[in-house]
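All remarks here apply to the structure that follows.
A short reminder: the numbers here are calculations on the coordinates, not readings from a lab. Just so it is clear, the structure is predicted and the values come from calculations on it, not from any experiment. Ideal geometry is used to build each Cβ from the backbone, glycine not excepted, and the neighbour counts take in all protein chains shown.
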Amino acid sequence: MTCKEYIFKLTSGQLDDAGLIERFWARQHRLMCRRCRAFTTNDEKLGVAVRAYRAHLGGAPKK
Amino acid sequence: MLRFAQLHLPRREDAEDAVQDVLAAMLATDWSKVSEGGIKTYLFGILRHKITDRLRYKYRGEISCSEVFEDDLDDTLFTARGHWGMGVAPGLWSTPDGQLETEQFFAVIDLCVNKLPPKPARVFSMREFLECDAGEICDVLGLTQADYWQCMSRARKQLQLCLNQRWFGGRVS
């Protein structure tokens, strides 16, 4: 798996629905690549920030 | 509510119409069935439906795979072999507790979301701000699953790069 492939799977949301084998290879890639590791951690923080921003805009969680 | 609507509906008139629809729905509401604490949730729930209806009507079939975006961010980020290019990968963000929930940071997010290409911006805002699921977004905007993935990926990559540049000092790893 290349960095480009890994980042696409992460940012598109495909990893969220991926099977065990694909998640295993994604984790292997993260272990080897500090840039993708940093990008992944930042992406998680981005998710937290976007949720906080959504709440800030007044949007309550959808039921 | 108008500000929220304007995030998703580019024309101010459309956003005002959506909010007006909510106000009209309020008049027909039996308030005895809505708890006081749930009023805001109830009204934003209606607004979400009104925005989604308008997006469905306005954009159905308009987005195709070939016109998702004109430039290719990946050519800037990655080498031909698929590895990170030199000096482009964002550095690890260090954030003290609460720093990402300040008015200033929200203003930067707002700026970065508004700098996204229109189509990824629409998909991202439906997913993250309207909390629509992927199937609903594809249905409303007439997208294939592959187009949806492309749009979400573009939006999240560009947002991280934008925030890295404008908030985290442009550090690279």
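To the nearest 10 degrees, how steep is helix A:20-32 against the longest Cα principal axis of chain A, on a 0 to 90 scale?
The angle comes out at about 80 degrees.
Would you order B:THR52, A:THR2 from fewest to most other beta-carbon atoms within 10 Å of each residue's own beta-carbon?
Ascending number of Cβ neighbours within 10 Å: A:THR2, B:THR52.
Quote the FRET efficiency, to the nearest 0.05, computed for B:VAL172 versus A:LEU20 with a Förster distance R0 of 45 Å and r equal to the Cβ-Cβ distance.
Details: r = 33 Å, r/R0 = 0.73.
Once the sixth-power term is evaluated, E becomes 0.85.
Please name which of A:GLY19, A:CYS3, A:TYR53 has its Cα lying farthest along the dipole of chain A towards the positive end, using unit charges on Cβ (Lys, Arg +1; Asp, Glu -1) and the Cα centre as origin.
Going by the charge dipole, the pick is A:TYR53.
Under the rule a/c < 1.5 gives rounded, and otherwise a/b versus b/c splits prolate from oblate, where does the range B:67-173 land using the Cα gyration tensor?
On the way: a/c = 2.31, a/b = 1.21, b/c = 1.92.
Oblate is the answer for the range B:67-173, as a/c is 1.5 or above yet b/c matches or exceeds a/b.
Could you grab the Rg to Rh ratio for chain A? Cα atoms only, Kirkwood for Rh. Mind showing how you got there, number by number?
Details: Rg = 14.1 Å, Rh = 13.0 Å.
Here Rg/Rh amounts to 1.08.
Within the range B:1-44, which trypsin sites (Lys or Arg not before Pro) sit in a loop by DSSP and count at most 14 neighbouring Cβ atoms inside 10 Å?
In loop regions of the range B:1-44 (DSSP not H, G, I, E or B), the sparsely surrounded trypsin sites (Lys or Arg not before Pro) are B:ARG11.
Under a Cβ-Cβ limit of 4.7 Å, which cysteines in chain A have nobody to pair with?
A:CYS3
Of B:LEU161, B:MET86, B:LEU116, which is farthest along the charge dipole of the range B:67-173 in the positive direction, counting Lys and Arg as +1 and Asp and Glu as -1 at C-beta?
Looking along the dipole axis, the top candidate is B:MET86.
In a shell of Cβ-Cβ distance under 13 Å around A:SER12, excluding A:SER12 itself, what net charge do Lys and Arg (+1) and Asp and Glu (-1) give? The partial results should precede the final answer.
Values: positive: A:LYS4, A:LYS9, B:ARG127, B:ARG154, B:ARG156, B:LYS157; negative: A:GLU5, A:ASP16, A:ASP17, A:GLU22, A:ASP43, B:ASP74, B:ASP147.
Residues close to A:SER12 contribute a combined charge of -1.
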